[in-house]
1. Taking the Cβ of B:Q37 as the centre, find all other residues whose Cβ is under 11 Å away and add up their charges (Lys, Arg: +1; Asp, Glu: -1).
2. Which value, in debye to the nearest 20, describes the size of the charge dipole of the range A:1-92 about its Cα centre when Lys and Arg Cβ atoms bear +1, Asp and Glu Cβ atoms bear -1, and nothing else is charged?
3. Rounded to whole Å and sorted largest first, list the principal axis extents of the Cα atoms in the range B:5-66.
4. Rounded, prolate or oblate: which fits the range A:31-113, taking a ≥ b ≥ c as square roots of the Cα gyration tensor eigenvalues, rounded meaning a/c under 1.5, else prolate when a/b beats b/c?
5. Please express the shape of the protein assembly as shown as an equivalent ellipsoid: the semi-axes are the square roots of 5 times the eigenvalues of the C-alpha gyration tensor, given largest first in whole angstrom.
6. Grab the protein assembly as shown and count how many Lys pairs have their alpha-carbon atoms under 22 Å apart, sequence gap of 8 or more, or different chains.
7. Would you tally the net charge around A:A86, using a Cβ to Cβ cut-off of less than 11 Å, leaving A:A86 out, and scoring K and R as +1, D and E as -1?
8. In the range B:6-82, which GluC sites (Glu not before Pro) fall in coil by DSSP and have 14 or fewer other Cβ atoms within 10 Å?
Amino acid sequence: KNQVEQSPQSLIILEGKNCTLQCNYTVSPFSNLRWYKQDTGRGPVSLTIMTFSENTKSNGRYTATLDADTKQSSLHITASQLSDSASYICVVSPQGGGFKTIFGAGTRLFVKA
Amino acid sequence: DAGVIQSPRHEVTEMGQEVTLRCKPISGHNSLFWYRQTMMRGLELLIYFNNNVPIDDSGMPEDRFSAKMPNASFSTLKIQPSEPRDSAVYFCASSPQMSANTGELFFGEGSRLTVL
């Protein structure tokens, strides 16, 4: 069964610190992997997308990595800010799966002053 | 550019009442999705439209749920009769492409439904 699992479930860090969120998936083969950011009370917004042949993708202070061999992805946030407090959702699209993207449960990040 | 527009943002109703949620996708996007989000189950796909045609509704939980897309700029999700377990945030999303399986999903702000 195609699954996407994220860890940790929640995380609290101090402003200015770095953090790394994990995503393990069993979807294979897959077309692409995205990380979405969802602020409280808002809809998810795409941060990064990687195809199976890409290893890393950056978007400002956000850097996503992908290891297709181990089926793992991570999202690294550098110099965290209060506005980074949100849920981060890993989403995998199976190859040939069309619309059947698979969502992880998300990691809830709290950045404290 | 306007994003995906959903209404109402919040809805509180009593069990047994009909609920209609509305969505206006981004102009030019040919794919539209309805999702439900709860703490327990995360984001679940309810139904997917492509070019206004329902392609897959296997995620619709029961016959009480129905969705329509009468034209490219409007879709509705209806629950009749509503039950307390339907309480959730319902998201509409649109995408400019699906055939290449790389289309980014553009989500609306969601409609938070509470059924008492």
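1. +2
2. 140 debye
3. Rounded to whole Å, the extents work out to 36, 23, 22 Å.
4. Cα axes put the range A:31-113 in the oblate bin.
5. 30, 21, 16
6. Taking the Cα cut-off of 22 Å, the pair count is 17.
7. +1
8. Here the sparse-neighbourhood loop sites are B:E14, B:E18, B:E62.
Read-outs throughout are calculated quantities, based only on the coordinates presented, and are distinct from any laboratory measurement. As the structure is a prediction and not an experimental result, all values here were calculated from the model. Positions of Cβ are backbone-derived with ideal geometry, glycine not excepted, and every protein chain shown enters the neighbour counts.
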